[in-house]
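The values are calculated or read from the model by the stated rules, or taken from the named source; none is laboratory data. All values derive from a computational prediction rather than experimental measurement. When we count neighbours, we look across all protein chains shown, and the Cβ atoms used for this are built from the backbone with ideal geometry, even at glycine.
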Amino acid sequence: MQKVVRLFPAMLLSLSLLAGCSSSDKPKVPDEPLEVLYKQAQTKLHNGDYDKAVDILEALDSRYPFGPYASQVQLQLIYAYYKKEDTAQAIANIDRFLRLNPTHKDVDYVYYMRGLANMQEDYNFFHEKFGIDRSDRDPSYARQAFDDFKIVLKNYPNSLYASDARARAVYLKNRLAKFDLAIADFYIRREAWLSAANHAKFLIENYPDTEMTKPALEIMVQAYDKMELKDLALHARQMLAANFPDSEYAH
């Protein structure tokens, strides 16, 4: 009897572990037929239940990788992850799709979605809400989004997404130009003339038709004057006078 009492706690522990394993091994998505799960996924997407939609779509992608809905499931996974603001997973699925389906008929949409996802990662809710100008924050995601939208515009000019991609590219171009101007201004205020001139020059060469062109040219004039690079200063001053004759540095 004593032996049984000693073993009883161990038996309870074993049973609890087994129960835990059985509950944790239970799949999030029931083992339903393909058509049933696909219909459920569409309903969840339509209702905005993106968390559950992702669960079902991931199950479909895993269980039926070569099924009739395989490509559509992968495209919807990209959208669902984007809508639930899981940018890392959205981009991972986008890159996988592009690697496996480089000539797919919807590849323009995939590049467009990558632009949206990268743009989403660049966005800062609190800066926007409180009107905080942080032009100097890391622009790597903005730069990648800009490149993604340029791919859509260059390779798929007749795409349904081209118009929106163009508008977003214009916004991002200004965002990137502001970043380079902020860096150039940082250097000019610290009298690091060469670095200031180089950042301003980069801005002019890459984003010439933005509102930041005028201050960038003014920085170039000041920096070249300080370094006594007369020819470069003259050229920058001529560009400034031709485009912004009202500038105090134009003459």
Review point. Out of the stretch 222-236, which residues are free of Cβ contacts under 8 Å to residues at least 12 places away in the same chain and assigned to a helix (DSSP H, G or I)?
Key: 225, 230, 231, 234, 235
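Residue 249 - would you say it is among the hydroxyl-bearing types (Ser, Thr, Tyr), modelled with pLDDT of 95 or more and farther than 30 Å from residue 150 by Cα?
It is false that residue 249 is among the hydroxyl-bearing types (Ser, Thr, Tyr), modelled with pLDDT of 95 or more and farther than 30 Å from residue 150 by Cα.
Of all residues in the stretch 155-204, count the ones that are basic (Lys, Arg) and touching a Gly at 6+ places or on another chain (Cβ under 7 Å).
Qualifying residue count, the stretch 155-204: 1.
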Exercise for review: Considering each residue of the stretch 171-209, count those that are crowded, with 20+ Cβ neighbours inside 10 Å and of a type in the set (Gly, Ala, Ser), and give that number.
Suggested key: 5
Point to revise | Filter result (farther than 13 Å from residue 184 by Cα and either in a helix (DSSP H, G or I) or in contact with an Asp or Glu (Cβ under 9 Å, 6 or more places away or on another chain) (or both)) within the stretch 204-213 | key: 205, 206, 207
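Residues checked against (1) part of a helix (DSSP H, G or I); (2) modelled with pLDDT of 95 or more; (3) not polar (S, T, N, Q):
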site: 27; (1), (2), (3): no, no, yes
site: 42; (1), (2), (3): yes, yes, no
site: 46; (1), (2), (3): yes, yes, yes
site: 51; (1), (2), (3): yes, yes, yes
site: 93; (1), (2), (3): yes, yes, no
site: 97; (1), (2), (3): yes, yes, yes
**Study point:** Boolean, residue 75 is hydrophobic (A, V, I, L, M, F, W, C) and either buried (at least 21 other Cβ atoms within 10 Å of the Cβ) or under 26 Å from residue 31 (Cα atoms) (or both)
**Key:** yes
Practice item. Take the residues in the stretch 206-229 that are of a type in the set (D, E, K, R) and modelled with pLDDT of 95 or more, then tell me which one is nearest to the chain's Cα centre (by Cα). Key: 214
Practice item. Could you look through the stretch 168-203, keep only residues that are assigned to a helix (DSSP H, G or I) and of a type in the set (Asp, Glu), and pick out the one that is nearest to the chain's Cα centre (by Cα)? Key: 180
Practice item. Starting from the stretch 33-59, take each residue that is free of Cβ contacts under 8 Å to residues at least 24 places away in the same chain and within 10 Å of residue 77 (Cα to Cα) and list its partners that are basic (Lys, Arg) and surrounded by 15 or more Cβ atoms within 10 Å (Cβ to Cβ), counting only C-beta distances under 9 angstrom and pairs at least six apart or across chains. Key: 57/44
